Each structure stands twice: as structure tokens, then as C-alpha cells.
Amino acid sequence: MRKRKTSAWRSAAAVCALLLTAAGCGSGGDDGKGGHAPDTLGKGKGKGEGEVNIIAWAGYAEDGSNDPEVDWVHPFEKKTGCQVHTKTAGTSDEMVSLMKTGQYDTVSASGDATLRLIASGDAAPVNTKLVPHYKDIFPALKQQPFNSRDGRMYGIPHGRGANLLMYRTDKVRPAPDSWRAVFDDAARYDGHVTAYDSPIYIADAALYLMRAEPSLGIKNPYALDRKQLDAAVALLKKQHKAVGEYWSDYQKEITAFKGGDSVIGTTWQVIANLTRDEKAPVKAVLPKEGATGWSDTWMVSSKADHPNCAYKWLDWIVSPKVNAQVAEYFGEAPSNRKACAETSDPDHCAVFHADDEKYFQRVHFWTTPIKQCLDGRKNTDCTDYAQWTRAWTEVKG
């Protein structure tokens, strides 16, 4: 599962030079070029190649094997003749590694992976004209730092969500409204704090420090110079003493909150909903500092062997009915504004703030940290994802 608004970089060459995993970038504008490209480019997708190889988060490419009533893969195969082969990935790092093999056509990447895929040349710019339903994507999800470069989209937005603060109402009083509860005040819940297990979680500490220690000058939680990163790491090391478990498996977090092993920590709206369904007394809030979050993007491999089927999948997965199905099953806000009329739960989009842009203006979506500061600083080098990865290993001891 998983997932800021800064100006686009000046050139794809700059991306190649600055990102930690850069190995050369693909070429081409917003026309789908770079590696293999759909035939009849610019005029419409060509005939499908008969199959498509997908890397996806669990819940994004359901074929009825987990639940017979949850299946949008077989209808796609019947309609297009493209047989779907899905590889479920557990982390963004795994997605990046799998895409480098060239064996997959498309991936549902989160913002902590997208820039790495762009910089390495493993993801190609997409021709949005070949995705008719793109026109109905919420405008706020288009041309963002985590899914575009130089005005060119490198994928089709899939959905979005915030990383919330969840707590047990019978154990945490008064009700928290700040991330201070899991950082400076973490010792109050010694051994019962939980946090997301990923280097990108460093941004959560940075987000808190933006208001807690304004003298640090943090303007973007994904743009940290060495001093700022050190401050975030120090805060996370302090928090580490009170952490009972770092989570990446949402079912484990549900179990921990239900049993009382965890009483406060970061979560997703879907986890909060499922935990309440398990009769655990929990509540999730968007703290006053705002939050980090995720917006996933369907990207096309620059080496795709089945580009036409890949484009057909992109258009299918963001079509109103299917996008609604995925959003409800996974637990997120859909990317297609017309999907809200297709949800089985009429309140789904309200619960997940699908069309509440004021809400999402408070959410800093995951963006891969890079050397060129994403906050606009020109004479300072920021820390990149490789440095964040080393720092996260240090935090966890």
C-alpha cells in the first residue's frame, strides 16, 4: 500500500544527474515514447499483444481469488483480450527492483518510488491521450512533483490517502490533536507506540519539526539538508525507545491495536475503519500539523513488451466503475471524480475526502528525497533517498 507541490525540474537530464539510482533517462515527451511504445501512437491504442505483466500493491489487481465478488481483472481480460499476470509487491523498494528487470509492463508506484523510476529511465512518459478517462481525474492529482517532469505526466493517478494519527480512546487521554503525542510525548506510551516501517517515515518527523522547531527552517518534509535530517533522525531515535512495533502489514497493526499492544501511532483511514470493525475503541485524526500521505500512480515501463495492453489497463483501472471498486476494496479516495457516483457505499467519498481539496492541501504526499532540494533552495544540497535509507537503519538500531 501504501502515499509537494514544488516547481518541476528544468530538465530530464537534471533528474538523471541528481537522483541516487540514476542510470540514464529515457527520452520523449508526453507521447508515450521511451523504449517500446504503443503502435498507432497519438491516434489511439493498437491491438493488444494478448497479455500484460503488472506489479501492484495488494488489492489493486483483484481477480476473484481472494474474494469471488471482488474481481475487475477477468472483466478486463474479457473486454480486451489481454491476459493479466500480476506480481504483488510488499514495498516500494521491491517495486523499483522489479521494474529494473524489464519483465513488467506497468506498476502502481507510490511517490517514494516514482522519481527513482523516472530517473533510472525505467518509467516512460505516458501519452494521456491514449487514456480517455484521464480527463476525469481530479485536477489536483495531475502534474505533481511525484508523477510528472517538465510538464509531462509519467503515469496515471490511481488514488490517494493521508497517513493519520490513530489512538485507543480508552488508553490515550486527552484526545491528541498533534504529532507531538508520538514524538516528544512518546514516553507516555512506552512500548505501545507504533510507526510505519520505511525510510519515508523520516518525513513524518520532519513534518512535526516544521512547526515544533521552526528555527530548523524546514519548508518541505522531503527536502532536508544534513542538519535538518540529523534533527529528524534524533527525534526518531528518541521515539524508538517507546516504539513497540514498526508496521508495514496493515493486518498486524489492526491486531496490535485490538489487543492493546499498540495504543497510538500512524495509520491509514482504511486501517482505522477495519480496526473499529473489530470492536477496538480507536479513532483516527488528521493532526493540526497536517500529515504525510500517498498518491499512487500507474506507470508504464520504458521497456514494456506489451505497451498496448498496458495502456488498456491504465484506462480500465481509472474508469469510474472500476476505480470505485478498487477504492472501496483497498480503502482510499478514488482518482476519478466520476467514481464517487459508482461506489456501493454512498458515503465512501465523504469518508475518504475524495473531493475535499482543502483536506488534501494539508497532506504532503510521499515524494522521493533527492539531492536538489525540492523546496526551491539553489545553493544547498539536500539529502537523498540513499541517505534516508542509511539513516532509517540507524534509527532502528
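The values are calculated or read from the model by the stated rules, or taken from the named source; none is laboratory data. In this text, all values refer to a predicted model and were calculated from it rather than measured experimentally. Note that each Cβ is placed from the backbone with ideal geometry, even for glycine, and that neighbours are counted across all protein chains shown. Note: areas computed on protein heavy atoms with side chains; ligands, DNA, RNA excluded. Shrake-Rupley method; radii C 1.70, N 1.55, O 1.52, S 1.80 Å.
Summarising the amide proton neighbourhood of TYR154: residues at separation of 5 or more, or on other chains, whose placed amide H is nearer than 5 Å comprise VAL126, SER148, ARG149.
Convex hull volume per residue, computed on the Cα atoms of the range 202-277, equals 102 Å³.
Suppose each label sits 7 Å from its Cα in the direction of the beta carbon; what would the ARG377-LYS227 distance come out to in nanometres? Spacing of the two 7 Å Cα→Cβ label points: 0.8 nm.
Size of the range 50-137 from its Cα atoms: along the principal axes, largest to smallest, the extents are 38, 31, 25 Å. If each Cα of the chain is one equal point scatterer, what is log10 of I(q)/I(0) from the Debye formula at q = 0.10 Å⁻¹? Cα-only, vacuum Debye calculation for the chain: -0.63.
Accessible surface of the range 215-261, 1.4 Å probe: 48 percent of it comes from carbon and sulfur atoms.
In this model, which of LYS135/LYS312; LYS135/LYS303; LYS47/LYS100; LYS78/LYS129; LYS252/LYS283 are farther than 21 Å apart at the alpha-carbon? Checking Cα-Cα distances, LYS135/LYS303; LYS47/LYS100; LYS78/LYS129 exceed 21 Å.
Averaging 1/r over each pair of different alpha-carbon atoms in the range 130-182 and inverting the result gives 14.5 Å, the Kirkwood hydrodynamic radius. Straight-line reach from LYS358: which lysines have Cα under 20 Å away, leaving out those fewer than 8 places along the same chain? Filter leaves LYS3, LYS5, LYS142, LYS219, LYS288, LYS338.
Accessible surface calculations at 1.4 Å, restricted to protein heavy atoms, place the chain at 39 Å² per residue.
In a DSSP loop and with at most 13 other Cβ atoms within 10 Å, there are no trypsin sites (Lys or Arg not before Pro) in the range 299-349. Amide hydrogen proximity for VAL282: with H placed 1.01 Å from N in the peptide plane, the residues at 5 or more positions away or on another chain lying under 5 Å are THR169.
Computed as a quarter of the hull surface, the mean projected area of the alpha carbon convex hull for the range 146-220 stands at 7.5 nm².
Cβ-Cβ distance of LYS135 and LYS241, R₀ of 35 Å, FRET efficiency by 1/(1 + (r/R0)^6): the value works out to about 0.10.
Enclosing the Cα atoms of the range 322-394 in their convex hull gives a volume equal to 141 cubic angstrom per residue.
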